[in-house]
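The values are calculated or read from the model by the stated rules, or taken from the named source; none is laboratory data. Keep in mind it's a predicted model, so treat the numbers as computed, not measured. A quick note on method: Cβ atoms are made from the backbone with ideal geometry, for glycine too, and the neighbour counts reach across all protein chains shown.
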Amino acid sequence: MFIKSYVINSCMKICPKCGASSDRKKFIGQFCIDCYPVRIKLNINRLVYTLCRECNKIKIGNKWMNYSDDIFERYIRKNTTGDYDDLKFDISTGKITYYLTREGQSFKITKKIDVVENQGLCNVCSRKHGGYYEAIVQLRCVKKEDIEKVLHLADKVKIKLKKLTFISKEIEHRTGIDLYVGDKRSVEEVLNSLKLGYKKTYKLYGVKQGRRIYRTTYLVRV
């Protein structure tokens, strides 16, 4: 369909779609900014996410992610098609502002989505609260008088482990301490980084989908 564009006094523009004049609205070409056919399509009408109440990780869809300042804007970008320069998202209002440049002028186009926040526990924190562990680190002193050295070493091990995984339980003994750790690969990484020798043993924990599951014990003698 052919749309006429009207010009008044060679400087006043009239939008052919809504009749607005250029003295009241910004224009992009022959259309006012509200009617300009910008092809920006938001493919979602609401944002639902779950916030872990323990570690503040965020789950959008089926994936848990570490929080970052642009985590929601990255999600909006992923679900937006069209031509724009940048966007900002206000999670408190659900307002999305798209920034674009046309014919040397800067413009903003806004859209809005519903935002729903749920509270829960991420898979790691859920396992931690449930007492889950894949490995036991047994730190032991050869001589009883060296127990303080073992406990001091245990503090170093715990600091490094907590950067990689979680410790679900600690049990102190007269000759050392046991650490129940969520991820056995992290245990080996930490023990190797500290150049600690260890003896590794396995114990059958269960069977999952026909595959045997083992828990691993790492014995470190100081």
Looking at this structure, is G104 loosely packed, with under 13 Cβ neighbours inside 10 Å, touching a strand residue (DSSP E or B) at 6+ places or on another chain (Cβ under 9 Å) and more than 30 Å from H129 (Cβ to Cβ)?
no
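Taking into account only those residues within segment 111-120 that are in contact with a Ser or Thr (Cβ under 9 Å, 6 or more places away or on another chain) and surrounded by 11 or more Cβ atoms within 10 Å (Cβ to Cβ), which is farthest from I28 (Cα to Cα)?
Per the criteria, the residue is G120.
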Going by the conditions given, is V137 surrounded by 13 or more Cβ atoms within 10 Å (Cβ to Cβ), under 18 Å from T217 (Cα atoms), at pLDDT 95 or above and in contact with an Asp or Glu (Cβ under 8 Å, 6 or more places away or on another chain)?
yes
Quick check on D85: is it at pLDDT below 95, out of contact with any Lys or Arg (no Cβ under 9 Å at 6 or more places or on another chain) and either closer than 30 Å to F27 by Cβ or not assigned by TED's automatic domain parsing to the domain that holds L204 (or both)?
yes
Could you pull out every one of the strands (runs of 3 or more DSSP E) wholly within segment 148-222 that has 1 or more residues that are buried (at least 16 other Cβ atoms within 10 Å of the Cβ) and among the small types (G, A, S)?
167-173, 176-181
